[in-house]
Every structure is written in C-alpha cells, then in structure tokens.
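Peer 1: Please see the structure below; I have some questions.
The values are calculated or read from the model by the stated rules, or taken from the named source; none is laboratory data. It should be emphasised that the depicted structure is a prediction, and the values quoted were computed from it without experimental measurement. Glycine also receives a Cβ, built like all others from the backbone with ideal geometry; neighbour counts cover every protein chain displayed. Accessible surface areas use protein heavy atoms only, side chains included; no ligands, DNA or RNA. Shrake-Rupley method; radii C 1.70, N 1.55, O 1.52, S 1.80 Å.
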Amino acid sequence: MNNSATSYRINYICLTASIGGLLFGFDTAVISGAINLVKSQFSLNAILEGWLVSSGLVGCIIGVFMTGILSDRIGRKKTMMLAGGMFFLSGIGCSFASSMTPLIAARVIGGIGVGMASVVSPMYIAEFAPANKRGRMIAYYQLAITIGILLAYFSNALLVSFSQNYFENVVFIWFFKEETWRPMFLALSIPSFIFLIMVMNVPESPRWLVSINKREKAKKILNSVRSPLQAAAELQDIENAAIKSIDKKISVLDRSIRLPLIIGIVLAVLQQFSGINAIIYYGPSIFKTAGISSNNALLFQVIIGAVNLLFTFVAIRLVDKYGRKFLLLTGLTGIILSLIFCGFLFYTGHTDNILLLVLILIFIACFAFSLGPVTWILINEIFPTAVRVKAVSICTLALWIAVWIVGQFFPWLLEKEGAAITFWIFAAFSIINFFFSLKIVKETKGKSLEEMEDVFVVPH
Ligand code: BGC
C-alpha cells in the first residue's frame, strides 16, 4: 500500500474506535436533560433520583472490570463490539422502560458500555497508532467524548422543542410528545448501531495478536497500516518486547510496574479533581448562584460544550509536536489561575458580570487542550503490552471512582462551604497535579510503545 492509502486506513481505524468516546460522552450527558422528565413521570423521591443518576456509574465500574478480563481473552475488537451492543441495548431498554426498575437496569447496561469503551477504545488506538501520531490519535477519542456531550445536549433540546411545537400527528404520540425522555434515550441507539457496524470492519490489534501467538495475522495487519519496512521493524519490536515480558513474567502487581501505575492512577484521579464535570454538568447552577438568569442555562451549557470541543483540536495539532508534558503544564497553569480567580469573584461577590463566564471558558479551554486528552493518552501508552489491559483498567477505575466522589460531594460542598472554597479546593488539587506532572511524569512523545517500557518500567 502507498503512503496515503496507509494513512487513510489508520485514520479510519482510529476514528472508528474513537466513536466509543462519543457514546461515552452521549450516555453520560443525556441524563442531564432527561432527569426532570423522568422524575415527574415516575414521581421519584430523592433516593430513587440518586439511584437513577448513579446507576450509570455502577455500570461503569462493572464494565471496567469486565474489560480487564475480556479484552485479553477475546481481543480488543470483540470487546469494542460488546460495548457497542451494550449502548444499543441500553438505548432501547431505557426508552421502553415501563417502570423505574427496568429503567435503572437499562442505565446500568449503558454504564457497562461506558466503562468498557473507556478502557478498550483508547487502548486499541494506542496499540494501532504509529509512534509519531499516537498522541493526536488518542486525542480523537477525547474529541469524540466532547462531540458526544454536545450531541446529547442538542438532541435533548431538539426533542423538547419538537414535543412542544410539532409531533401532533405522529403515531406514537405518547412516546414523542408526552414522554419525551423516551426518545432522548432512544437517540443513543443510532450512533451505537453505526459504531457496531463500523467496528466489524476494523482489524484486530496486532499487539494483542502477537500476545496470543498469531504472528502471521499481526504481520498482515501491520502491512496494511505501515510501509513494509516500518511494518517489519515494528513487528520485530513487538515480538522482542513480548519475549522479554514472558522471560520476566511481569504482572500488574510487580514492583517494576509501580511507577507507571502510580502515574496513571494519580493523573486519572487529579483529572477529575480539577472539577471538570462539576463545571460541565453544574455550570448552569453555578451561573444561577452567581445571579445570572437561568433562562440562559442551556445556552451556557452549549457554549461550554462548544469551547470544550474546539480546544481539543489544539491538543490534536500540538501534542505530538510539543509533547505531553508541555501541554499538561501550560494547560494546568491556565486551569489553576482561572479556578483561583473564579473563587475570588465568588469570595468578593463580584459574580454578576461577564468575567465569570470568561474565566469558566478559559478553564474549559485549558482542560480541553491539556488535562482532558493528555490524561487518556498517558494512561494508555505507558504500560507494557503484557499488563496493559489490567493496568489501564485499574487507572480507569480510579478515574470513575473520582467521578463518583466529585458527583457526591460537589453539591454538598457548594452548599456547605460556598462556591469560593469549592473552586479553591479544585485549584489546590490542580496545583498538586502541576508539580506531579513536572517532577514525576516523563515525556513520551514520539516513542514507540515498546521503547516506553524502557522509560517507565523500572528493572528488577
Ligand atoms: C473526562 C470526562 C469529562 C470529559 C469532558 C474527559 O477527559 O474523563 O470525565 O466529562 O473529558 O470533555
């Protein structure tokens, strides 16, 4: 294959896998528009409402565990297909749920899809991408998450507006007009179905194939995405690394894996402790606390979503050129400053002006080109193939537990301590992240996954 054909194919493969991120973003965001409608339909009390929101997270944790076991056994491709199937089932299940029990069950299934996709999609991309483009290709996955979040907002808003103004003569009038939360969930089935079909047409990860001794198949696949010379050299590296790890029998509990594991877990948790999801999902209520009219809530959510999406392109362009650490440190500087200043605005009561919106947008923009994509990139590239799935699952699990902690404590913190202290707490965690990234994280730009083992894995 010539250069442009291989580059087209590798882009197609990585973009397909990144749709897992879109489903993850959509599934986690769709609930924000549906929750009030479901609440009034089933007259939910606070406990059931809490269950409905956290059922997705319970599913995520199950999904991450399942992927840790499955994707080494059945391969990355089949695991992605399974994740797609979960999203599809969840969309259908939620939309036809007759009561809370099936609705929560279907949300758990969707959560399992999110958990699975959040491990297998970026890992598959990392294993496929050429070393000099790996950063940008894993950033596609982050881009897809942001598109998924935005799509969910749009689809929710569109369905609400249609249910108020149109849908007079549709057959399932109760479904579209009277119980609009149903089509909101159903919308997830469309991209899930597209994902399923597209994943059927991508090849298996050559690194996984080598790990189960299917060398010839791995060779054929590598030849379709690299020049013949590159393919031969890469296959050799993968095989050498595989032999080395069999000799050393490395396991995820080994001392030699401790450094990358600490880096992955700390980055995952601190990504969430920057407060990103509090701002994405509670943004409108933060503005309300600040005295800004709630009529504009959706508009603000869409602006935040759009800035998040747009600035991910900065990471796509720069991450393989200037490196992971450069983006992390510049982004974190912006994140820390904007959080500290937001805190001051609340502390001094000067929140009723445009400055608050500007600072929040600076925060989002900085997250989008640094902490968002770079966390996923590093988690997925720093582990040796022999322990990659288990180690990535552990880090991703830590990330989801951190999502849960922020979701539980943010509203409480906001009410008890006020917005200023809350912003400063997020700033304090980001300062820790800055020094951790400066001192402990190592640069991985341009290195192959096999070379990475020499950078991070400490010899016995
Ligand atoms: C984070 C998500 C977050 C998203 C926002 C991702 O990197 O892991 O928790 O919702 O970025 O764009």
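Peer 1: Cβ contacts < 7 Å: first residue outside the structural domain of L332 (by TED's automatic domain parsing), restricted to the range 356-378; second residue open to solvent by 10 Å² or more (accessible area, probe 1.4 Å) and near the ligand (Cβ under 10 Å from one of its atoms), any location; separation 6+ or different chain. Result?
Peer 2: That search, which allows pairs on different chains as well, returns nothing.
Peer 1: Here's something else I'd like to know. Taking the conditions exactly as written (within 16 Å of the ligand (Cβ to nearest atom), open to solvent by less than 10 Å² (accessible area, probe 1.4 Å) and under 19 Å from S55 (Cβ atoms)), does L378 satisfy them or not?
Peer 2: Answer is no for this residue.
Peer 1: Can you tell me which of L414, L355, L361 is under 23 Å from V302 (Cα atoms), in contact with a Leu (Cβ under 8 Å, 6 or more places away or on another chain) and open to solvent by 30 Å² or more (accessible area, probe 1.4 Å)? Working first, answer last.
Peer 2: Values: L414 fails: in contact with a Leu (Cβ under 8 Å, 6 or more places away or on another chain); L361 fails: in contact with a Leu (Cβ under 8 Å, 6 or more places away or on another chain).
The unique qualifying residue is L355.
Peer 1: Please state which of the following conditions F287 fails to meet, knowing it meets all the rest: (1) in a helix (DSSP H, G or I); (2) within 13 Å of G372 (Cβ to Cβ).
Peer 2: The number of the failed condition is (2).
Peer 1: A follow-up question, please. Of the conditions (1) within 16 Å of the chain's Cα centre (by Cα); (2) within 30 Å of E234 (Cα to Cα), A131 fails just one. Which one is it?
Peer 2: With (1) within 16 Å of the chain's Cα centre (by Cα); (2) within 30 Å of E234 (Cα to Cα) applied to A131, the lone miss is (1).
Peer 1: For the structure I just gave you, tell me whether S155 is of a type outside the set (A, V, I, L, M, F, W, C) and either farther than 18 Å from A29 by Cα or more than 24 Å from the chain's Cα centre (by Cα) (or both).
Peer 2: no
Peer 1: Suppose the filter is more than 15 Å from the ligand (Cβ to nearest atom) and either closer than 11 Å to G20 by Cβ or surrounded by 22 or more Cβ atoms within 10 Å (Cβ to Cβ) (or both); does I104 pass it?
Peer 2: no
Peer 1: Further, regarding this structure: Those residues that are among the aromatic types (F, W, Y) and not in a helix (DSSP H, G or I), I need them from the range 359-387; list them, please.
Peer 2: Within the range 359-387, just F383 meets the criteria.
Peer 1: While we're looking at this one, here's another question. Name the pairs whose Cβ atoms lie under 6 Å apart, with the first residue in the range 76-87 and on the phi < 0 side of the Ramachandran plot, the second among the aromatic types (F, W, Y), and 6 or more positions between them or separate chains?
Peer 2: R76/Y124; R76/W208; G84/F195
Peer 1: Restricting to the range 427-444, count the residues that are open to solvent by less than 30 Å² (accessible area, probe 1.4 Å) and part of a helix (DSSP H, G or I).
Peer 2: 4
Peer 1: I would also like to ask the following. Tell me which helices (runs of 4 or more DSSP H) are completely within the range 176-265 and hold 1 or more residues being more than 30 Å from A105 (Cβ to Cβ) and open to solvent by 60 Å² or more (accessible area, probe 1.4 Å), or say none if there are none.
Peer 2: Output list reads 206-211, 215-225, 228-248.
Peer 1: Between L44, L37, L15, which is more than 16 Å from the ligand (Cβ to nearest atom) and over 26 Å from F193 (Cβ atoms)?
Peer 2: Selected residue: L44, the only one of L44, L37, L15 that is more than 16 Å from the ligand (Cβ to nearest atom) and over 26 Å from F193 (Cβ atoms).
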